[in-house]
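See below for the structure under consideration.
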Amino acid sequence: MLERMAAHAQGSLFDQTDEIRLGPLRDVRRTVLGDGAWIDLLPGWLTGADALHEELASGVPWRAERRQMYERVVAVPRLLAFYGERDGGREELPHPVLAEARDALSAYYADELGEPFVSAGLCYYRDGHDGVAWHGDRTGRGSHEDTMVAILSVGAPRDLVLRPRQRHGSVVRKPLGHGDLIVMGGSCQRTWEHAIPKTTRAVGARISIQFRPRGVS
Ligand SMILES: O=C(O)CCC(=O)C(=O)O
């Protein structure tokens, strides 16, 4: 309990405003990873990120999933929600600032990506027991085409780690929370893998919002 309170207090040190607002998409810093992959980073793109975290944590209809693992069915260690396209339109996102973020990202990357971001997947990591194992977003077009996945993080930081698929050893680690933006681009989904490792450290809850173009999953 004390650990959880400490983690929460640490969060509020970084984000002391309740006004939920996006900053300009300026000074986005690109790191070339290699093998055609890159990441863009903009720390603290959203202010009021802890307030948005609270609203999403209580307001989103979170889904707990289960999956087959060898002979057992186990709980997927995070909660999920998905907002895609339906009846020719986009499903309404759970907060207007998320639609603003999606549209700002679509405009910023229009020339390079050539299409808009259309879906938003939300993941809720309640504490260090939650995480996601190494994977690329390769069930859709990301398996054979360059694309982008943009992730906005709210709540307490968790490490997003990346490693090249063919050369295990060089791991890139980015702690993301409190309104940080990361965009994985180029061949990142097929030549690199990413994960949110579980941790025994005292960490607070984090929600990530992943924006993807059509057919990327
Ligand atoms: O939570 C994150 O930042 C990463 C989520 C992710 O990799 C996924 O859902 O495919």
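Collect the residues in segment 27-82 that are of a type in the set (Val, Ile, Thr) and within 16 Å of the ligand (Cβ to nearest atom), keeping them in residue-number order.
Pass one, segment 27-82, residues of a type in the set (Val, Ile, Thr): 28, 31-32, 39, 47, 60, 73-74, 76.
Ile39, Val60, Val76 - these are the residues of segment 27-82 that are of a type in the set (Val, Ile, Thr) and within 16 Å of the ligand (Cβ to nearest atom).
Within segment 60-88, track down each residue that is surrounded by fewer than 14 Cβ atoms within 10 Å (Cβ to Cβ) and in a loop (DSSP other than H, G, I, E, B).
Of all residues in segment 60-88, those surrounded by fewer than 14 Cβ atoms within 10 Å (Cβ to Cβ) come to 61, 63-75, 82, 84-88.
The answer is Pro61, Tyr70, Glu71, Gly84, Asp87, Gly88.
Mind counting the residues in segment 180-217 that are over 15 Å from Tyr125 (Cα atoms) and either more than 13 Å from the ligand (Cβ to nearest atom) or modelled with pLDDT of 95 or more (or both)?
First, the residues of segment 180-217 that are over 15 Å from Tyr125 (Cα atoms): 180-194, 211-217.
Retained after the next criterion (residues that are either more than 13 Å from the ligand (Cβ to nearest atom) or modelled with pLDDT of 95 or more (or both)): 180-194, 211-215.
Here the count works out to 20.
Check Ala51, Ala57 and return the single one that is outside any loop (DSSP other than H, G, I, E, B) and under 22 Å from Ser119 (Cα atoms). It would help to see each step written out before you state the result.
Working: Ala51 fails: under 22 Å from Ser119 (Cα atoms).
Only one candidate qualifies: Ala57.
Is segment 147-162 home to any residue that is assigned to a strand (DSSP E or B), open to solvent by less than 50 Å² (accessible area, probe 1.4 Å) and more than 13 Å from the ligand (Cβ to nearest atom)? Steps first, please.
Taking segment 147-162 first, the residues assigned to a strand (DSSP E or B) are 149-155, 158-162.
Right, trim to open to solvent by less than 50 Å² (accessible area, probe 1.4 Å) and you get 149-155, 158-162.
From what's left, more than 13 Å from the ligand (Cβ to nearest atom): none.
No, there is no match, as no residue in segment 147-162 is assigned to a strand (DSSP E or B), open to solvent by less than 50 Å² (accessible area, probe 1.4 Å) and more than 13 Å from the ligand (Cβ to nearest atom).
The values are calculated or read from the model by the stated rules, or taken from the named source; none is laboratory data. Please read these numbers as outputs of a predicted model, since none were measured by experiment. Every residue, glycine among them, receives a Cβ derived from its backbone with ideal geometry; neighbour counts consider all protein chains shown. Surface accessibility is based on the protein's heavy atoms, side chains included, excluding ligands, DNA and RNA. Shrake-Rupley method; radii C 1.70, N 1.55, O 1.52, S 1.80 Å.
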